[in-house]
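Colleague: The structure follows.
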Amino acid sequence: MKSKTLIWVNANAGFTAGLLFISEIVLLIAFGETFLANLPAFTVFNILFTLVKLGIIALGFLGHFYYRGSKVKNAAHLSFIIGGALSLIPWFGGLIGGAIVLIGTAIYLFGAFEFKDPTNH
């Protein structure tokens, strides 16, 4: 029997990352002039966001392979993979990708409540 710990990790990471992806364009517009004046800060900002995006893709693949053949819906895993990949597109890709990741997070949360596991209450 599979544990639902990975479901909760994916749901929490997806919620946080989805909100970050959506707010990325707002942060770039609000602090764009400051970032462009300070190129190392802009580079660190982009590297951190890219690592979070790749992490969401990795969590999607990990969940897909771990929960293969169980009651967890494939739509949650695929939305993490597709949302993370779309968020790699500059500017509005993060907005669309973040929305898709948040939808995947909702699917994970609904799956966690339907998932019966005697070891994790």
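The values are calculated or read from the model by the stated rules, or taken from the named source; none is laboratory data. Fair warning: this is a prediction, and the values are worked out from it, not measured in the lab. Because the Cβ atoms are built from the backbone with ideal geometry, glycine has one as well, and the counts that use them run over all protein chains shown. Ligands, DNA and RNA are stripped out before the accessible areas are found, and what is left, the full protein with its side chains, is counted by its heavy atoms. Shrake-Rupley method; radii C 1.70, N 1.55, O 1.52, S 1.80 Å.
Colleague: Which FRET efficiency, nearest 0.05, do Tyr66 and Asn46 yield, Cβ-Cβ r, R0 41 Å? Please list the in-between numbers first.
Modeller: Details: r = 30 Å, r/R0 = 0.73.
Efficiency, rounded to the nearest 0.05: 0.85.
Colleague: Extension gain Leu39-Leu54, at 0.36 nm per residue separation less the Cα-Cα distance, in nm? If you can, show how the numbers build up before the last one.
Modeller: Values: separation 15, 0.36 × 15 = 5.40 nm, distance 2.25 nm.
The Leu39-Leu54 span can extend by a further 3.2 nm.
Colleague: Scaled to the compact-protein estimate 2.2 N^0.38 Å, what is the alpha-carbon radius of gyration of the chain, rounded to two decimal places? Show your work: numbers first, answer last.
Modeller: Details: Rg = 15.9 Å, N = 121, 2.2 N^0.38 = 13.6 Å.
Rounded to two decimals, the normalised Rg is 1.17.
Colleague: Subtract the Cα-Cα distance of Lys73 and Trp91 from 0.36 nm times their separation in residues, and report this length gain in nm to one decimal.
Modeller: Details: separation 18, 0.36 × 18 = 6.48 nm, distance 2.98 nm.
Computed gain between Lys73 and Trp91 is 3.5 nm.
Colleague: Write down the accessible area per residue of the chain in Å², having rolled a 1.4 Å probe over the full set of protein chains.
Modeller: 58 Å²
Colleague: Per 10 Å bin, what percent of the C-alpha pairs of the range 52-121 does each bin hold, from zero upward?
Modeller: Binned Cα distances yield the sequence 23, 48, 22, 6, 1.
Colleague: Now for a different question. How much of the accessible area of the chain, probe 1.4 Å, is carbon plus sulfur, in whole percent? The partial results should precede the final answer.
Modeller: Values: 5380 of 7040 Å².
Looking at the chain in its full context, I get 76 percent from C and S.
Colleague: On to the next question. Mean Kyte-Doolittle of at least 1.6 plus a Cα span of 18 Å or more along the axis: flag which DSSP H helices in the chain meet both, please.
Modeller: Answer set is 39-66, 92-114.
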